[in-house]
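The values are calculated or read from the model by the stated rules, or taken from the named source; none is laboratory data. The model shown is predicted, which means the values in this text are computed figures rather than measured ones. Here the Cβ positions follow ideal geometry from the backbone for every residue, glycine too, while neighbour counts run over all protein chains shown.
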Amino acid sequence: MNGFNLFDAEEKSLEQAEELRRQLESAPEPVKDGIASLIEAYSRSVREQRRLVRVSDRLQAQLASVNQELGRRRVEAEDALESLKAAQESLVQAEKLASLGALVGGVAHEINTPVGIALSCASHLADSTASMTKLFEADDISVEDFERFMATVKDTTGLILSNCERAADLIRSFKQVAVDRTTSERRRFDLAAYIRETLSSLGPHLRQAGHAVRLDCPDGIVMDSYPGALSQVLSNFVMNSLVHGYDQGRPGTLSITVERDGKTGVRLVYADDGKGIAPENLGRIFDPFFTTRRGSGGSGLGLHIVYNLVTGTLGGTVSADSPAGGGTRFSIQIPLAPNT
């Protein structure tokens, strides 16, 4: 309705033109025909403008409806994206917990050996002590009996002490790695010592598969960073090699090489001599949910977690390549003290 109000002036002009034509009835025919043509042309122009206004109003109404629908769809898409992010975060946390669970199982298996030896030694010592007590109560202890008992005490206590120390070292390493994984706290740590602790916690998995590990890291590199994130990165590299890099029963060699990167950073290169990564997959390995082992236990989140931890928490960069001769190599560059 408001659009047609725009043509009030045109309507008045048409009325005035019609009045003028009536007044010129006695004018010559060429003049009358010219005025009639002008009036008709102007009338067509007004009708066309009215049609265009109606079309414009209709299009504006359709545009408003489309914008409203687009707004609704955008809200739905944003909600779906938030749900997807939440689901992805939940899966990432589940992957981290699964990794920690594997660490717990490995350390428990590792601790079982020294604890079992210590328990056997303690039991043997208890039996020897009971036998010596009987001889003492019977007042029938010879020098040979006493020397034999003392030798047993010395050997068994030495074994108990060394194996308890071994178990304590494993528990201490596991406790530190587990706390770092779960709390993500920043602290100062010696890089070489911490890598050795992480590899120690992964020892059962490596020995079970028969793999060897080489570490080349200078002593004295002290970082003020997030050791839990670094431990998670190294663990995911190792587990990725064990799951994807080697066929069942084929042992290999894993290597970790660390060197200073200027005064404020380090470059860590992790490599294996396994099957390598196909060229068409190399550019996708850090994508979430990408895996070549779908349906065989692969979640496709391990290397995605690595990428997020290195580029986010550790404040560095990560890249991967697969040499023509086989194997896979990951290179990360991280600062000694990230700004995060």
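The figures follow:
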quantity: Out of Thr129, Thr133, sole residue that is over 60 Å from the mean Cα position of the chain (by Cα), more than 30 Å from Arg196 (Cβ to Cβ) and not hydrophobic (A, V, I, L, M, F, W, C); calculated: Thr133
quantity: Filter pass, Glu78 being among the acidic types (Asp, Glu), under 26 Å from Asp287 (Cα atoms) and at pLDDT 80 or above; calculated: yes
quantity: Matching residues, segment 271-305, being modelled with pLDDT of 85 or more and surrounded by 22 or more Cβ atoms within 10 Å (Cβ to Cβ); calculated: Asp272, Gly274
quantity: Segment 1-26 - residue that is in a loop (DSSP other than H, G, I, E, B) and loosely packed, with under 13 Cβ neighbours inside 10 Å and, of those, modelled with the lowest pLDDT; calculated: Met1
quantity: Evaluation of Arg181 against (1) at pLDDT 90 or above; (2) outside the structural domain of Thr328 (by TED's automatic domain parsing) (one fails), failing number; calculated: (1)
quantity: Residue check for Pro218: touching a Gly at 6+ places or on another chain (Cβ under 7 Å), surrounded by fewer than 19 Cβ atoms within 10 Å (Cβ to Cβ) and either farther than 17 Å from Val306 by Cβ or among the basic types (Lys, Arg) (or both); calculated: no
quantity: Segment 214-234: number of residues that are touching a helix residue (DSSP H, G or I) at 6+ places or on another chain (Cβ under 6 Å) and of a type in the set (Val, Ile, Thr); calculated: 2
